[in-house]
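Below you'll find the structure, written out as structure tokens, and then a few comments.
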Amino acid sequence: TGRYLDLNPAACRMSGFTEDELKGKSIPDLLAPECRSAGIEHFKQVAETGSAVGEYRFIHASGESRWWSVSAVRLDDAHLLGFAEDITHRRLADDARESLQNQLYQAQKMESIGRLAGGVAHDFNNMLGVILGYTELGLDMITPGHPVHDGLLEIRKAATRSADLTRQLLAFARKQTVMPKVLDLNETVEGMLN
């Protein structure tokens with residue numbers, strides 16, 4: 001029935017329960033909820049094949065989570081013999097290492113994004129230079145009353161704002177210190193109305 005019949009003192013120390021408290025408990029009684037079905041399958045495998053090994057999270061009598069490596073063998077049709085080793089420290093170290101690896105991966109992704117942003121911003125900046133150059137040439141060729149004069153001024157303003165944004169992207173990509181500046185919001189919003 002999957003209930004403990006006999007335990008040694010080490011099992012009591014590992015679980016935090018006394019021998020009397022453990023006797024009669026079923027295997028899932030000590031397993032963390034997410035490990036119960038896997039633990040039951042573990043012992044079904046022992047019954048069917050004669051042995052099984054697995055790692056499961058158990059709940060100590062104190063309520064603390066502990067990881068155990070469990071090996072079990074079938075003694076006869078009604079009895080299994082289980083061996084457990086507390087591997088909590090190893091699992092915690094593995095989890096910490098995995099967390100650090102994920103942080104490194106995220107940092108590498110951010111560095112790649114920075115390089116990509118820098119490359120795109122550099123190319124875009126070159127195109128903006130051409131747009132601003134031709135806009136200035138066009139403004140030099142016409143008088144302020146010309147029908148396209150105001151349109152060229154808007155192109156120049158938009159290209160200048162885009163160049164500022166590009167400089168910010170380049171600063172991000174090169175990890176440069178951003179130089180904040182005071183901005184008149186009324187003037188900025190007014191400039192966008194057209």
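The values are calculated or read from the model by the stated rules, or taken from the named source; none is laboratory data. The structure presented is a predicted model; accordingly, all values stated were derived computationally and were not measured. Note: ideal-geometry Cβ built from the backbone for every residue, glycine included; neighbour counts use all protein chains shown. We work out accessible area using only protein heavy atoms, side chains counted, and drop any ligands, DNA or RNA first. Shrake-Rupley method; radii C 1.70, N 1.55, O 1.52, S 1.80 Å.
Is there a residue being in a helix (DSSP H, G or I) and modelled with pLDDT of 90 or more anywhere in segment 108-120?
Initially, segment 108-120 is screened for residues in a helix (DSSP H, G or I), giving 108-120.
Next cut, modelled with pLDDT of 90 or more only: 108-109.
Yes, that holds for at least one residue.
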Margin query: Just to be sure I understand the filter: pairs with C-beta atoms under 7 Å, separated by 6 or more residues or on different chains, first member in segment 79-107 and surrounded by 10 or more Cβ atoms within 10 Å (Cβ to Cβ) and modelled with pLDDT under 95, second member assigned to a helix (DSSP H, G or I) and of a type in the set (Val, Ile, Thr). Which pairs pass?
Written below: 80/46
Notebook entry, point to check: Of the residues 61, 11, which single one is touching a residue at least 60 places away in the same chain (Cβ under 8 Å), open to solvent by less than 60 Å² (accessible area, probe 1.4 Å) and out of contact with any Lys or Arg (no Cβ under 9 Å at 6 or more places or on another chain)?
Noted result: 11
Margin query: For the structure I just gave you, tell me whether residue 135 is open to solvent by less than 80 Å² (accessible area, probe 1.4 Å), modelled with pLDDT of 90 or more and not acidic (Asp, Glu).
Written below: yes
Margin query: Any residue that is open to solvent by less than 90 Å² (accessible area, probe 1.4 Å), more than 30 Å from residue 31 (Cβ to Cβ) and part of a helix (DSSP H, G or I) - is there at least one of those in segment 140-150?
Written below: yes
Next item on the list: Give the residues of segment 111-130 that are surrounded by 11 or more Cβ atoms within 10 Å (Cβ to Cβ), of a type outside the set (D, E, K, R) and closer than 14 Å to residue 172 by Cα, sorted by residue number.
Entry: 113, 114, 116, 117, 118, 119, 120, 121, 122
Check: Looking only at segment 32-57, which residues are small (Gly, Ala, Ser), in contact (Cβ under 8 Å) with a residue 24 or more places away in the chain and open to solvent by 30 Å² or more (accessible area, probe 1.4 Å)?
Finding: 47
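With the structure loaded, tell me whether residue 167 is basic (Lys, Arg) and surrounded by 13 or more Cβ atoms within 10 Å (Cβ to Cβ) or whether it fails that test. Before the answer, list the steps.
Working: basic (Lys, Arg): yes; surrounded by 13 or more Cβ atoms within 10 Å (Cβ to Cβ): yes.
Taking the combined requirement at face value, the residue satisfies it.
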